[in-house]
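**Q** First the structure, which I've put down as structure tokens, then a few questions once you've had a look.
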Amino acid sequence: MSVAYHLARAGETDVLVLERDRLTSGSTWHAAGLMTCFGSFSETSTRMRLYSRELYGRLEAETGLSTGFRPVGLVEAAADPVRLEEYRRVAAFQRRLGLEVEEISPRESAELFPLARTDDLLAGFHVPGDGRVNPVDLTMSLARGARARGARVVEGVSVTDVDTRARGAVREVTGVDTDHGPVACEIVVNCAGMWARQLAERTGVVVPNQAAEHYYLVTEPIEGMSPQAPVFEDPSSHAYYREEGGGMMVGLFEPVAAAWRVDRVPDDFSFGTIPPDWERMTPFLATAMARVPVVETAGIRTFFCGPESFTPDLAPAVGQAPGVLGYFVAAGMNSVGVLSAGGIGRLVAHWVLTGRPDQDVTGIDVARFLPWRLESRHRSERTAEILGTVYAAHPPGTQLASSRGVFRSPVHDRMVAAGAFLRDVSGWESAAWYAGPGAAPTADPGWGRAPWWERWEAEHRAVREAVGVFDMSFMAKLAVRGPDAAGVLDRLSCGPVTERDGRITYTQWLGEDGGVDADLTVTRLAADDFLVVASDTAHGQVSGMLRRALGDADATVTDVTEDLAMLSVQGPRSRAVLSTVAPGADWSGGAFAFRDARRVTVLDEEVLAVRVTYVGELGWELYLPARAAGPVWDALMDAGHRHGIRPVGLSALSSLRLEKGYRDHGHDLDNTDDVWAAGLGFTLALDKPGGFVGREATLAARERGAPLHRIVSVVLADPEPLLFHGEVVLRDGVPVGDVRSGSYGWTVGGAVGLAGIGHDDGVTAAWVGSGTWEVDVAGARYPAAVSMRAPYDPAGTRVRA
Ligand SMILES: Cc1cc2nc3c(=O)[nH]c(=O)nc-3n(C[C@H](O)[C@H](O)[C@H](O)COP(=O)(O)OP(=O)(O)OC[C@H]3O[C@@H](n4cnc5c(N)ncnc54)[C@H](O)[C@@H]3O)c2cc1C
């Protein structure tokens, strides 16, 4: 209803909502109605929640129907040091985005919510503007608002299929089939809640949300339980508490949950409940009751279990499906669909009407899901785990345990033999760092330094001073071939990607509005043969953009991600190592220049060697058939032994690239940044014949002057405090931005990161250079050096060595 409301509000009256049964009959009717904003490190999510909260407060004045919103406040309990650290960091991050939140003492927490035990708490976080809403009333108010502006809402009609026709390499929507006959339309938005996957699958659209059991109980009336009491949330007790009918509602997020109906959600499941699994839930109920003991004696009126759907990464599935034009999705709400609905409806309506999202969608874009996510075991196991992470603490290094090793690098065994501490990278197993041959690596998540940091430092230094090998086989690799391949890629890319054979180009793919939609490399192997390489997280988005751009062109896209291994050999001694393993090639600077790509022979295998770096050193990426990767890895290690070679993991990749200021799309760069804001103007080929998508908007932005926000490098002067993500950046004591990616710069001697900062008069080098900079790390401020240039080797001399 929120999508329909926002479409209608924006003036689009040709809107038809088809509801299978009655509005709210899926998950919404039984939602607990928490309208809370606290707790997210995501700017997109925070802004959506803030918008929802504001909308729910004012909707009645517009529609005449109350949403039931009551800003009774939220008290979030911090019961252990790890959560306290997290909440302090989150509070600072969200405060900058406009959320009013203050840390309060356990005693003050008790004053606000006297029925809770607070003697063992470390602190509370009070958000006075948060509260609760009535989900059914909210839906009806949105429906009335939508109808009043011309939208039609029809209940009792099921969409049975979405009709499409071929359009170039993709398809486009032509209408929907229903149990009452067909309806023609150009755009469909799948908002089918826990049914969204089933409906989407019929059209080949990947929406891997999965229903799960979700619980709350409601007690008999309790003396002293005021309707004005704030919502109290204690994640360490797995529970939230609020007033309901004079009693108390206790909602649960148990650490290990249960998927519901993995095969198929029944088509006729309406206003339905699930029989509670008392045995499974009893231990968590006991913990929840221990925090608010009166619940135990009050008598339980209802123990409720209803389904809500979750996605594999706990972020919603939103936006345009990559392979079907006109097919939008807004589903997979992960237990926060009521409080997110305002923001998501607004975003989707904007996206539908303008063709572009106006917020960072890299973390929520439905295009991020590849087909393997639909596999039933993955959905089942991941859902049981992901619901449990909602109330877990989230210190850095936290990993998911389910669905590991869906993909394995061809050098997996070599990495394990070298003592790799493995982490999940979009379904691939990859090394975070190496404990050394024969060692069994272990690591605990945490906000501080860990024993393995010595290993990380050694790997970082090996790349700066000698040579290291990274397995990057998880990168998305797409072969684009055919007579029109060059034309398609040239139009998509803002850089000079078709210059000549044997060249790699680092480039962006922009939207018409100049926003950076993708950040990748294009290698021209021959006039009709190109290799596109993007990060694992951008895989679906990039291949979708490519297929849409193909249109009727005479070119094909082949996903070669699993066929080609990629080993990246980086560091000042890389040339010496590669000269030994491939003596037939000339690796000298004159013959093999930066950005050159050549076929070389290693162990009788043809290997594509590309001179490029993501760490800021002399280095090459080697693309080779998966079957050859193991022997080539061994040959590199043998040849590199006397040069100090070592396998290097992703922790060092991160620290090395951040010292060099290299961006990572989806982390420090997103679709709301243009190349000027991203500091990537140097990649543009503004004069190439035929131009490129987004050129006009890019030029117009330059005409307007300095960007209003920009990505900059940050280095803390004090070597002790650490940066991860979300730390607030202050100029002359005023918050102006936050750290998007943080790591430890072993070469620059302190925590290093990339931050997004803003200034209403434009972010210029002079403004940056004339400020006094600090970063707020969990409530303490530390002096920082902020600059538009890379902290390490800004002139790039090492890369061109
Ligand atoms: C116990 C519990 C407590 C919760 N508490 C909260 C909370 O406090 N705060 C919060 O924000 N969220 C909460 N949630 C989550 C919230 O309920 C959901 O995220 C939200 O309701 C999802 O809304 P939706 O519109 O995506 O899905 P739904 O409400 O399920 O709506 C989907 C609709 O699509 C219709 N439909 C499906 N298939 C078709 C078809 N083929 N054709 C036509 N119509 C179709 C269905 O009939 C249904 O009405 C809670 C959930 C549970 C289970």
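**Q** Looking only at residues in region 179-200 that are assigned to a strand (DSSP E or B) and more than 29 Å from residue 336 (Cα to Cα), which one is farthest from the ligand (Cβ to nearest atom)? Before you say what the answer is, go through the steps one by one.
**A** Initially, region 179-200 is screened for residues assigned to a strand (DSSP E or B), giving 181-184, 188-190.
Within this subset, residues satisfying the condition of being more than 29 Å from residue 336 (Cα to Cα) are 181-184.
Numbers: 181: 14, 182: 13, 183: 11, 184: 17 Å.
Applying the filter and picking the extreme gives 184.
**Q** On to the next question. Criterion first (over 26 Å from residue 135 (Cβ atoms), out of contact with any Lys or Arg (no Cβ under 7 Å at 6 or more places or on another chain) and in a loop (DSSP other than H, G, I, E, B)) does residue 360 satisfy it?
**A** So residue 360 fits the description; yes.
Here's the yes/no breakdown for (1) closer than 15 Å to residue 232 by Cα; (2) without any contact (Cβ under 8 Å) to a residue 24 or more places away in the chain; (3) open to solvent by 50 Å² or more (accessible area, probe 1.4 Å):
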residue	(1), (2), (3)
97	no, no, no
100	no, no, yes
105	yes, yes, no
108	yes, yes, yes
114	yes, no, yes
126	yes, no, no
136	no, no, no
140	no, no, yes
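**Q** Does region 49-57 contain any residue that is among the aliphatic types (A, V, I, L, M), open to solvent by less than 50 Å² (accessible area, probe 1.4 Å), touching a helix residue (DSSP H, G or I) at 6+ places or on another chain (Cβ under 7 Å) and touching a residue at least 12 places away in the same chain (Cβ under 8 Å)? Before the answer, list the steps.
**A** Initial filter on region 49-57 (among the aliphatic types (A, V, I, L, M)): 50, 55.
Next, only the ones that are open to solvent by less than 50 Å² (accessible area, probe 1.4 Å) stay: 50, 55.
Next cut, touching a helix residue (DSSP H, G or I) at 6+ places or on another chain (Cβ under 7 Å) only: 55.
Next cut, touching a residue at least 12 places away in the same chain (Cβ under 8 Å) only: 55.
Scanning region 49-57, I find at least one residue that is among the aliphatic types (A, V, I, L, M), open to solvent by less than 50 Å² (accessible area, probe 1.4 Å), touching a helix residue (DSSP H, G or I) at 6+ places or on another chain (Cβ under 7 Å) and touching a residue at least 12 places away in the same chain (Cβ under 8 Å), so the answer is yes.
**Q** Out of 577, 600, which single residue is more than 36 Å from the chain's Cα centre (by Cα), of a type outside the set (Ser, Thr, Tyr), buried (at least 20 other Cβ atoms within 10 Å of the Cβ) and not in a strand (DSSP E or B)? Steps first, please.
**A** Values: 600 fails: not in a strand (DSSP E or B).
Step by step, each of 577, 600 is checked, and only 577 is more than 36 Å from the chain's Cα centre (by Cα), of a type outside the set (Ser, Thr, Tyr), buried (at least 20 other Cβ atoms within 10 Å of the Cβ) and not in a strand (DSSP E or B).
**Q** For region 201-245, name all the residues that are in a loop (DSSP other than H, G, I, E, B), open to solvent by less than 30 Å² (accessible area, probe 1.4 Å) and within 16 Å of the ligand (Cβ to nearest atom).
**A** Kept after step one, since they are in a loop (DSSP other than H, G, I, E, B), are these residues of region 201-245: 202-209, 220-230, 238, 245.
Cutting the leftovers down to open to solvent by less than 30 Å² (accessible area, probe 1.4 Å) gives us 203, 205-209, 222, 225, 229-230.
Hits for region 201-245 are 203, 205, 207, 208, 209, 229, 230.
**Q** For region 687-801, which fully contained strands (runs of 3 or more DSSP E) count at least 2 residues that are in contact with a strand residue (DSSP E or B) (Cβ under 9 Å, 6 or more places away or on another chain) and of a type in the set (Val, Ile, Thr)? First the steps, then the outcome.
**A** On the way: elements: 709-716, 728-731, 734-745, 750-758, 773-777, 780-787.
Those strands (runs of 3 or more DSSP E) span 709-716, 728-731, 734-745, 750-758, 773-777.
**Q** Can you find, within region 304-340, the residue that is nearest to the ligand (Cβ to nearest atom) among those that are among the hydroxyl-bearing types (Ser, Thr, Tyr) and closer than 23 Å to residue 281 by Cα?
**A** Filtering region 304-340 for residues among the hydroxyl-bearing types (Ser, Thr, Tyr) gives 309, 311, 327, 335, 340.
Next, from what is left, pick out any that are closer than 23 Å to residue 281 by Cα: 309, 311, 335.
Numbers: 309: 8, 311: 11, 335: 5 Å.
Ranking the qualifying residues of region 304-340, first place goes to 335.
**Q** Considering only residues that are more than 26 Å from residue 496 (Cβ to Cβ) and touching a Phe, Trp or Tyr at 6+ places or on another chain (Cβ under 8 Å), which ones fall in region 657-684?
**A** Result: 659, single match.
**Q** Now for a different question. In the list 436, 446, 419, 468, which residue meets the criterion of being modelled with pLDDT of 95 or more, open to solvent by 20 Å² or more (accessible area, probe 1.4 Å) and over 30 Å from residue 557 (Cβ atoms)? Give the derivation first.
**A** On the way: 436 fails: open to solvent by 20 Å² or more (accessible area, probe 1.4 Å); 419 fails: open to solvent by 20 Å² or more (accessible area, probe 1.4 Å); 468 fails: open to solvent by 20 Å² or more (accessible area, probe 1.4 Å).
Of 436, 446, 419, 468, the one residue that is modelled with pLDDT of 95 or more, open to solvent by 20 Å² or more (accessible area, probe 1.4 Å) and over 30 Å from residue 557 (Cβ atoms) is 446.
**Q** I'm checking my understanding of the structure. Among residues of region 9-58 that are more than 7 Å from the ligand (Cβ to nearest atom) and basic (Lys, Arg), which one is farthest from residue 136 (Cα to Cα)?
**A** 47
Quick grid of which residues meet (1) among the polar types (S, T, N, Q); (2) open to solvent by 20 Å² or more (accessible area, probe 1.4 Å); (3) in a strand (DSSP E or B); (4) touching a Gly at 6+ places or on another chain (Cβ under 7 Å):
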position: 565; (1), (2), (3), (4): no, no, yes, no
position: 583; (1), (2), (3), (4): no, yes, no, no
position: 590; (1), (2), (3), (4): no, yes, no, no
position: 593; (1), (2), (3), (4): no, yes, no, no
position: 616; (1), (2), (3), (4): no, no, no, no
position: 623; (1), (2), (3), (4): no, no, yes, no
position: 636; (1), (2), (3), (4): no, no, no, no
position: 658; (1), (2), (3), (4): no, no, no, yes
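**Q** If the requirement is being hydroxyl-bearing (Ser, Thr, Tyr), within 22 Å of the chain's Cα centre (by Cα) and buried (at least 22 other Cβ atoms within 10 Å of the Cβ), which of these qualifies: 537, 507, 523? Reasoning before the result, please.
**A** Details: 537 fails: buried (at least 22 other Cβ atoms within 10 Å of the Cβ); 523 fails: within 22 Å of the chain's Cα centre (by Cα).
Of 537, 507, 523, the one residue that is hydroxyl-bearing (Ser, Thr, Tyr), within 22 Å of the chain's Cα centre (by Cα) and buried (at least 22 other Cβ atoms within 10 Å of the Cβ) is 507.
**Q** Going residue by residue through region 345-354, is there one that turns out to be open to solvent by 10 Å² or more (accessible area, probe 1.4 Å) and without any contact (Cβ under 8 Å) to a residue 24 or more places away in the chain? Show your work before the answer.
**A** To start, the set of residues in region 345-354 that are open to solvent by 10 Å² or more (accessible area, probe 1.4 Å) comprises 346, 350-354.
Retained after the next criterion (residues that are without any contact (Cβ under 8 Å) to a residue 24 or more places away in the chain): 354.
Yes; the residues of region 345-354 include at least one that is open to solvent by 10 Å² or more (accessible area, probe 1.4 Å) and without any contact (Cβ under 8 Å) to a residue 24 or more places away in the chain.
**Q** So, one more: Would you pick out the residues in region 413-429 that are in contact with a strand residue (DSSP E or B) (Cβ under 6 Å, 6 or more places away or on another chain) and basic (Lys, Arg)? It would help to see each step written out before you state the result.
**A** Filtering region 413-429 for residues in contact with a strand residue (DSSP E or B) (Cβ under 6 Å, 6 or more places away or on another chain) gives 415, 418-423, 427-429.
Passing the criteria: only 423.
The values are calculated or read from the model by the stated rules, or taken from the named source; none is laboratory data. Computed from a prediction, not measured in an experiment: that's the story for all the values here. Quick reminder, even Gly has a Cβ in these numbers, built from the backbone with ideal geometry, and neighbours come from all protein chains shown. Surface accessibility is based on the protein's heavy atoms, side chains included, excluding ligands, DNA and RNA. Shrake-Rupley method; radii C 1.70, N 1.55, O 1.52, S 1.80 Å.
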